[in-house]
1. For labels at Thr157 and Gln173 in the simple 7 Å Cα→Cβ model, what's the distance in nm?
2. For the stretch 99-108, what does the Karplus curve 6.51 cos²θ - 1.76 cosθ + 1.60, with θ = phi - 60°, yield as ³J(HN,Hα) per residue in whole Hz, taken in order and with x for Gly and Pro?
3. Each label point is 7 Å from the Cα along the Cα-to-Cβ direction; what then is the distance between the points at Tyr180 and Asn127, in nm?
4. Among the listed pairs Lys17/Lys48; Lys32/Lys66; Lys120/Lys156; Lys17/Lys119; Lys152/Lys183; Lys14/Lys66, which are separated by more than 23 Å between their Cα atoms?
5. Per the 1.4 Å probe, what fraction of the accessible area of the stretch 73-195, in percent, lies on carbon and sulfur atoms?
6. Efficiency by 1/(1 + (r/R0)^6): what FRET value for Tyr74 and Arg95, r their Cβ-Cβ distance, R0 = 22 Å, to the nearest 0.05?
7. Skipping prolines and chain starts, which residues have an amide H placed within reach, meaning under 5 Å, of the one on Gly77, given they are 5 or more residues away or on another chain?
8. If I stretch the segment between Glu135 and Ile118 completely, what's the gain in nm (0.36 nm per residue apart, minus their alpha carbon distance), one decimal?
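The values are calculated or read from the model by the stated rules, or taken from the named source; none is laboratory data. This one's a predicted model, so the numbers in the text were calculated from it and none came from an experiment. Note that we place each Cβ from the backbone using ideal geometry, even for glycine, and neighbour counts take in every protein chain shown. Surface accessibility is based on the protein's heavy atoms, side chains included, excluding ligands, DNA and RNA. Shrake-Rupley method; radii C 1.70, N 1.55, O 1.52, S 1.80 Å.
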Amino acid sequence: FKSKLKKNPFVDEKIKKYVFIIDEINRGEISKIFGELFFSIDPGSRGKAGEVSTQYANMHAEPEKKFYIPPNVYIIGTMNDIDRSVDSFDFAMRRRFRFIEITPNDRESMLDSLPPEIKKDALNRMNALNKVITETEGLNENYQIGAAYFLKLKEKTVGFDELWRDYLEPLLQDYVRGLYDEKAMIRQLYLAYCGEENRFGSDVMENEQ
(Lines give C-alpha, C1' and ligand atoms only; values in the text may rest on other atoms or scores of the structure.)
Protein backbone atom coordinates (compact mmCIF):
# COMPACT_ATOMS: atom_id res chain seq x y z
CA PHE A 1 0.00 0.00 0.00
CA LYS A 2 1.05 3.59 -0.46
CA SER A 3 3.13 4.65 2.51
CA LYS A 4 1.89 7.47 4.72
CA LEU A 5 5.28 7.79 6.37
CA LYS A 6 7.15 11.05 6.12
CA LYS A 7 10.77 11.09 5.05
CA ASN A 8 13.17 10.30 7.85
CA PRO A 9 15.65 13.19 8.17
CA PHE A 10 18.26 10.76 9.55
CA VAL A 11 18.23 8.52 6.46
CA ASP A 12 20.02 9.14 3.18
CA GLU A 13 17.26 8.55 0.61
CA LYS A 14 19.82 7.09 -1.79
CA ILE A 15 20.61 4.21 0.54
CA LYS A 16 18.69 0.99 -0.05
CA LYS A 17 15.97 0.40 2.54
CA TYR A 18 15.26 -2.86 4.36
CA VAL A 19 11.94 -3.65 5.99
CA PHE A 20 11.04 -6.19 8.68
CA ILE A 21 7.32 -6.87 9.10
CA ILE A 22 6.10 -8.41 12.36
CA ASP A 23 2.50 -9.50 11.92
CA GLU A 24 0.22 -9.21 14.98
CA ILE A 25 3.09 -7.86 17.04
CA ASN A 26 0.82 -7.39 20.06
CA ARG A 27 0.34 -11.16 20.36
CA GLY A 28 4.05 -11.76 20.87
CA GLU A 29 6.21 -11.38 23.92
CA ILE A 30 7.89 -8.08 23.15
CA SER A 31 11.00 -8.73 25.25
CA LYS A 32 11.66 -11.93 23.30
CA ILE A 33 10.90 -10.40 19.92
CA PHE A 34 13.29 -7.49 20.31
CA GLY A 35 15.61 -8.48 23.15
CA GLU A 36 18.51 -6.04 23.23
CA LEU A 37 17.09 -4.23 20.21
CA PHE A 38 14.62 -2.57 22.55
CA PHE A 39 16.65 0.63 22.83
CA SER A 40 18.46 0.32 19.52
CA ILE A 41 15.31 0.68 17.41
CA ASP A 42 14.70 4.17 18.75
CA PRO A 43 15.32 6.73 15.95
CA GLY A 44 17.71 8.64 18.20
CA SER A 45 19.78 5.51 18.83
CA ARG A 46 20.19 4.30 15.25
CA GLY A 47 23.58 3.91 13.57
CA LYS A 48 27.04 3.72 15.14
CA ALA A 49 26.22 6.52 17.56
CA GLY A 50 23.86 4.16 19.35
CA GLU A 51 25.93 0.97 19.19
CA VAL A 52 25.82 -1.35 22.21
CA SER A 53 27.65 -4.41 23.49
CA THR A 54 25.38 -7.45 23.59
CA GLN A 55 25.40 -10.53 25.80
CA TYR A 56 26.46 -12.53 22.75
CA ALA A 57 29.58 -10.46 22.04
CA ASN A 58 31.94 -13.20 23.30
CA MET A 59 30.43 -15.74 20.90
CA HIS A 60 32.08 -14.36 17.77
CA ALA A 61 35.66 -13.75 16.67
CA GLU A 62 35.72 -10.03 17.45
CA PRO A 63 34.00 -9.58 20.84
CA GLU A 64 34.98 -5.92 21.00
CA LYS A 65 32.67 -5.12 18.12
CA LYS A 66 29.40 -3.55 19.10
CA PHE A 67 25.94 -3.88 17.62
CA TYR A 68 23.66 -1.23 16.16
CA ILE A 69 20.67 -0.94 13.84
CA PRO A 70 21.31 1.11 10.69
CA PRO A 71 18.93 4.01 10.05
CA ASN A 72 17.85 2.45 6.72
CA VAL A 73 16.22 -0.53 8.50
CA TYR A 74 12.49 -0.15 9.09
CA ILE A 75 10.36 -2.25 11.43
CA ILE A 76 6.63 -2.48 10.77
CA GLY A 77 4.35 -4.14 13.30
CA THR A 78 0.71 -4.90 12.55
CA MET A 79 -2.05 -5.24 15.13
CA ASN A 80 -5.80 -5.26 15.50
CA ASP A 81 -6.62 -2.69 18.14
CA ILE A 82 -9.77 -4.46 19.34
CA ASP A 83 -7.68 -7.47 20.29
CA ARG A 84 -7.50 -7.72 24.08
CA SER A 85 -3.77 -8.43 23.89
CA VAL A 86 -3.24 -4.81 22.83
CA ASP A 87 -3.93 -3.79 26.42
CA SER A 88 -0.69 -5.41 27.56
CA PHE A 89 1.43 -3.86 24.79
CA ASP A 90 4.46 -2.31 26.45
CA PHE A 91 4.12 1.46 26.79
CA ALA A 92 7.85 1.86 26.24
CA MET A 93 7.41 0.13 22.88
CA ARG A 94 4.49 2.39 22.02
CA ARG A 95 6.85 5.37 22.26
CA ARG A 96 9.17 3.79 19.70
CA PHE A 97 6.57 3.30 16.99
CA ARG A 98 4.46 5.62 14.96
CA PHE A 99 0.85 4.42 14.90
CA ILE A 100 -1.06 4.60 11.60
CA GLU A 101 -4.68 3.48 11.29
CA ILE A 102 -5.57 1.44 8.20
CA THR A 103 -9.32 1.31 7.55
CA PRO A 104 -11.26 -1.08 5.27
CA ASN A 105 -11.70 1.76 2.79
CA ASP A 106 -7.94 2.23 2.65
CA ARG A 107 -7.60 -1.37 1.44
CA GLU A 108 -10.43 -1.55 -1.08
CA SER A 109 -7.85 -2.10 -3.82
CA MET A 110 -7.35 -5.63 -2.45
CA LEU A 111 -10.67 -6.50 -4.09
CA ASP A 112 -9.28 -5.70 -7.55
CA SER A 113 -8.21 -9.34 -7.79
CA LEU A 114 -11.87 -10.44 -7.78
CA PRO A 115 -13.95 -10.66 -10.98
CA PRO A 116 -15.56 -7.24 -11.64
CA GLU A 117 -19.14 -8.32 -10.87
CA ILE A 118 -18.11 -10.02 -7.62
CA LYS A 119 -15.88 -7.10 -6.65
CA LYS A 120 -18.76 -4.63 -6.98
CA ASP A 121 -21.08 -6.79 -4.90
CA ALA A 122 -18.38 -7.42 -2.29
CA LEU A 123 -17.61 -3.73 -1.99
CA ASN A 124 -21.27 -2.83 -1.56
CA ARG A 125 -21.78 -5.50 1.08
CA MET A 126 -18.63 -4.56 2.97
CA ASN A 127 -19.51 -0.88 3.08
CA ALA A 128 -23.15 -1.53 4.05
CA LEU A 129 -22.12 -3.95 6.80
CA ASN A 130 -19.46 -1.61 8.16
CA LYS A 131 -21.89 1.30 8.22
CA VAL A 132 -24.24 -0.65 10.49
CA ILE A 133 -21.33 -1.87 12.63
CA THR A 134 -20.25 1.70 13.34
CA GLU A 135 -23.84 2.64 14.23
CA THR A 136 -24.40 -0.35 16.54
CA GLU A 137 -24.34 0.47 20.24
CA GLY A 138 -21.41 -1.25 21.90
CA LEU A 139 -19.40 -1.42 18.68
CA ASN A 140 -17.53 1.26 16.74
CA GLU A 141 -15.40 1.78 13.62
CA ASN A 142 -12.65 -0.40 15.09
CA TYR A 143 -14.89 -3.45 14.60
CA GLN A 144 -15.34 -2.96 10.86
CA ILE A 145 -14.79 -5.90 8.50
CA GLY A 146 -11.75 -5.58 6.24
CA ALA A 147 -11.43 -6.43 2.56
CA ALA A 148 -9.28 -9.49 3.33
CA TYR A 149 -12.38 -11.44 4.39
CA PHE A 150 -13.90 -10.96 0.95
CA LEU A 151 -10.83 -12.39 -0.76
CA LYS A 152 -12.12 -15.77 0.43
CA LEU A 153 -14.57 -15.46 -2.47
CA LYS A 154 -11.70 -16.56 -4.71
CA GLU A 155 -12.14 -20.06 -3.35
CA LYS A 156 -14.47 -22.23 -5.42
CA THR A 157 -16.31 -23.43 -2.32
CA VAL A 158 -16.97 -19.96 -0.90
CA GLY A 159 -19.79 -17.74 -2.13
CA PHE A 160 -21.45 -14.83 -0.36
CA ASP A 161 -23.66 -17.33 1.55
CA GLU A 162 -20.70 -19.30 2.89
CA LEU A 163 -18.73 -16.15 3.62
CA TRP A 164 -21.47 -14.95 5.93
CA ARG A 165 -22.30 -18.29 7.52
CA ASP A 166 -18.79 -19.65 8.05
CA TYR A 167 -16.69 -16.51 8.57
CA LEU A 168 -18.52 -13.25 9.20
CA GLU A 169 -21.44 -14.35 11.36
CA PRO A 170 -19.28 -16.26 13.90
CA LEU A 171 -16.92 -13.27 14.15
CA LEU A 172 -19.75 -10.79 14.62
CA GLN A 173 -21.37 -13.03 17.22
CA ASP A 174 -18.14 -12.82 19.20
CA TYR A 175 -18.22 -9.04 18.87
CA VAL A 176 -21.75 -8.64 20.21
CA ARG A 177 -21.61 -11.36 22.88
CA GLY A 178 -22.68 -9.88 26.19
CA LEU A 179 -24.29 -6.82 24.61
CA TYR A 180 -27.99 -6.03 24.84
CA ASP A 181 -30.20 -8.10 22.47
CA GLU A 182 -27.48 -9.97 20.59
CA LYS A 183 -29.94 -11.67 18.21
CA ALA A 184 -31.41 -8.37 17.06
CA MET A 185 -27.92 -6.97 16.46
CA ILE A 186 -26.90 -9.97 14.35
CA ARG A 187 -30.18 -9.67 12.45
CA GLN A 188 -29.47 -6.03 11.60
CA LEU A 189 -25.93 -6.86 10.51
CA TYR A 190 -27.20 -9.75 8.42
CA LEU A 191 -29.74 -7.56 6.63
CA ALA A 192 -27.07 -4.95 5.91
CA TYR A 193 -24.83 -7.64 4.44
CA CYS A 194 -27.39 -9.37 2.21
CA GLY A 195 -29.74 -6.49 1.44
CA GLU A 196 -32.91 -8.55 1.65
CA GLU A 197 -34.32 -10.72 4.40
CA ASN A 198 -34.50 -14.18 2.82
CA ARG A 199 -31.68 -14.03 0.31
CA PHE A 200 -29.60 -16.77 1.92
CA GLY A 201 -32.31 -19.29 2.80
CA SER A 202 -33.57 -20.75 6.04
CA ASP A 203 -30.41 -22.65 7.00
CA VAL A 204 -28.55 -19.44 7.75
CA MET A 205 -31.42 -17.84 9.63
CA GLU A 206 -31.86 -20.97 11.77
CA ASN A 207 -28.22 -20.62 12.78
CA GLU A 208 -28.99 -17.20 14.24
CA GLN A 209 -31.74 -18.41 16.56
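1. 1.9 nm
2. Once rounded to whole Hz, the list reads 9, 10, 7, 10, 8, x, 5, 5, 10, 4.
3. Rounded to a tenth, the inter-label distance reads 3.1 nm.
4. Beyond 23 Å between Cα atoms: Lys17/Lys119; Lys152/Lys183; Lys14/Lys66.
5. Details: 3460 of 7080 Å².
Ligands and nucleic acids excluded, carbon and sulfur reach 49 percent.
6. Numbers: r = 17 Å, r/R0 = 0.77.
Step by step, r from the Cβ atoms, then E = 0.85.
7. Amide H neighbours of Gly77: Ile22.
8. Numbers: separation 17, 0.36 × 17 = 6.12 nm, distance 2.59 nm.
Additional length available on full extension: 3.5 nm.
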